[in-house]
Amino acid sequence: MVTFMLKFMLPLLILSMIHPKIAYAELEQWCVADEQATDYELQAALDWACGKGGADCSKIQVNQPCYFPNTLKDHASYAFNNYFQKFKHSGGSCNFRGAAMTTEEDPSRGSCHYDFIP
């Protein structure tokens, strides 16, 4: 009986001392312009993101990799995502007064790369 208890209890005791690894999975998310946002809303949010918001908007300038397509929606998407990736771990969000939304589909195309920071 003692042998049985040792064979049964000892492995249980050892297993109870092993701490399980906790996985903190995070979905890859980018921040892009909401299709339903008006040009006025997009422009105001873009101006804020590239100004007081602190996004790096240098890549959407003329002769830079994200200038084309030269649309308000595409430029706003790049700026929104740059801001979101830069500040999401310190309280930044992807809202821009309703002009933006998150997506799990990487919006990068061609030479224009949208950052993702885990």
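The values are calculated or read from the model by the stated rules, or taken from the named source; none is laboratory data. Everything quoted here is computed from the prediction, not taken from an experiment. Quick reminder, even Gly has a Cβ in these numbers, built from the backbone with ideal geometry, and neighbours come from all protein chains shown. Quick note on the areas: whole protein, heavy atoms, side chains included, nothing else; ligands and nucleic acids left out. Shrake-Rupley method; radii C 1.70, N 1.55, O 1.52, S 1.80 Å.
Here are the numbers:
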read-out	value
Surface accessible to a 1.4 Å probe, per residue, for the residues of segment 57-109, Å²	55
Point-to-point label distance, His89-Phe68, nm (Cα→Cβ direction, 7 Å offset)	3.5
Carbon plus sulfur fraction of accessible area for segment 75-118, probe 1.4 Å, in percent	48
Accessible area (Å², 1.4 Å probe, nearest 10) - His113	100
Theoretical gain in end-to-end length, Glu104 to Glu35 [0.36 nm per residue, Cα-Cα removed]	23.3 nm
